[in-house]
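The values are calculated or read from the model by the stated rules, or taken from the named source; none is laboratory data. The model shown is predicted, which means the values in this text are computed figures rather than measured ones. Every residue, glycine among them, receives a Cβ derived from its backbone with ideal geometry; neighbour counts consider all protein chains shown.
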Amino acid sequence: MDAEAAEAATRAAAEAEAEIVLPCLDEAEALPWVLARVPRGWRAIVVDNGSTDGSAEIARALGARVVHEPRRGFGAACHAGLTAATAEIVCFCDCDASLDPALLAPFVHEVRAGTADLVLGRRRPAGRGAWPAHARAGNLALARLLRRRTGLRLHDLGPLRAARRAPLLALGLTDRRSGYPLEMVVRAADAGWRITEHDVPYLPRTGVSKVTGTWRGTWQAVRDMSRVLDGAPAREGAAR
């Protein structure tokens with residue numbers, strides 16, 4: 001991409017109503033559906049976290065901006081997307097077709113209207129196998145710990161969320177693994193942000209889960225998030 005094209009792409013992103021960060025690791029099958037659901041006027045940032053199935057090429061062909069993050073980890077991918085974003089409001093969504101990016105439109109409107117600083121999606125299973133029992137149990141336990149730590153009566157620590165980019169960057173998030181979403185909420189709460197939560201349907205994902213699809217993955221995610229609550233976030237560069 002020459003300098004003129006790069007400048008045009010940056011300007012288009014800055015003028016977008018919002019940008020949506022989509023952390024991606026081998027999601028070639030899900031990408032067409034996910035990107036087709038991105039609201040009109042938004043920009044999609046697909047953060048390729050080491051895919052080997054052609055995800056990056058598919059995302060680029062479908063019009064998404066592709067950012068490469070070689071450090072493995074959900075948080076590493078999310079933060080790379082946040083750093084690359086230029087729009088005033090940034091959203092996050094999984095890239096496995098378990099969540100519909102179109103559901104973020106009212107979240108953005110709420111942030112833009114100034115009635116909330118961080119809007120979260122509370123996942124409600126919609127389909128058999130959408131949310132394995134062990135993953136749901138781990139999330140429930142962490143939500144209770146979060147309430148005790150912050151006083152917030154939240155029910156979910158899911159990835160669907162929206163907030164203004166500059167304040168998010170100012171939170172100084174350091175976790176680069178599964179604790180990233182929780183650290184965002186904890187630091188936002190400590191900073192006095194207004195945080196709201198809305199129900200969203202949670203669909204059976206496309207492909208195999210890298211985290212919550214197994215007991216081991218769920219345990220690792222719970223451990224990462226517990227570390228955040230204890231004030232010791234996972235180090236950069238750690239594996240998923």
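Miscellaneous remarks
- Answer from VAL34, VAL67, VAL21, VAL46 - the residue that is within 16 Å of CYS93 (Cα to Cα), modelled with pLDDT of 95 or more and in contact with a Phe, Trp or Tyr (Cβ under 6 Å, 6 or more places away or on another chain): VAL21
- Pairs linking a residue in the stretch 166-180 that is surrounded by 17 or more Cβ atoms within 10 Å (Cβ to Cβ) to a residue that is among the polar types (S, T, N, Q) and outside any loop (DSSP other than H, G, I, E, B), with Cβ atoms under 7 Å and 6 or more positions apart or on different chains, are SER178/GLN220.
- Looking across the stretch 29-64, the residues that are within 16 Å of the chain's Cα centre (by Cα) and of a type in the set (Lys, Arg) come down to ARG37, ARG43.
- In the set ARG60, ARG43, only one residue is touching a strand residue (DSSP E or B) at 6+ places or on another chain (Cβ under 7 Å) and surrounded by fewer than 16 Cβ atoms within 10 Å (Cβ to Cβ); that residue is ARG60.
- Hits in the stretch 63-86 (condition: surrounded by fewer than 21 Cβ atoms within 10 Å (Cβ to Cβ) and part of a loop (DSSP other than H, G, I, E, B)): GLY63, PRO70, ARG71, ARG72, THR86
The rows are residues; the columns are (1) in a helix (DSSP H, G or I); (2) basic (Lys, Arg).
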residue: HIS109; (1), (2): yes, no
residue: ARG122; (1), (2): no, yes
residue: ARG128; (1), (2): no, yes
residue: ARG136; (1), (2): yes, yes
residue: ASN139; (1), (2): yes, no
residue: LEU142; (1), (2): yes, no
residue: ARG148; (1), (2): yes, yes
residue: LEU154; (1), (2): no, no
residue: GLY158; (1), (2): no, no
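- Condition check for THR150: of a type in the set (Val, Ile, Thr) and at pLDDT 90 or above: no
- Counting only residues that are in contact with a helix residue (DSSP H, G or I) (Cβ under 9 Å, 6 or more places away or on another chain) and either assigned to a strand (DSSP E or B) or under 20 Å from ALA85 (Cα atoms) (or both), the stretch 14-35 holds 12 of them.
- Meets criteria (farther than 21 Å from ILE58 by Cβ, of a type in the set (Ser, Thr, Tyr) and within 16 Å of the chain's Cα centre (by Cα)) for THR115: no
- Cβ pairs under 7 Å, 6+ apart, first in the stretch 42-65 and on the phi > 0 side of the Ramachandran plot, second among the charged types (D, E, K, R): GLY50/ARG72
- For the stretch 97-112, the count of residues that are more than 12 Å from the chain's Cα centre (by Cα), farther than 30 Å from PRO32 by Cβ and either among the β-branched types (Val, Ile, Thr) or surrounded by fewer than 22 Cβ atoms within 10 Å (Cβ to Cβ) (or both) is zero.
- Exactly one residue among ALA133, ALA163 is crowded, with 17+ Cβ neighbours inside 10 Å and either within 23 Å of TYR202 (Cβ to Cβ) or under 13 Å from the mean Cα position of the chain (by Cα) (or both), and that residue is ALA163.
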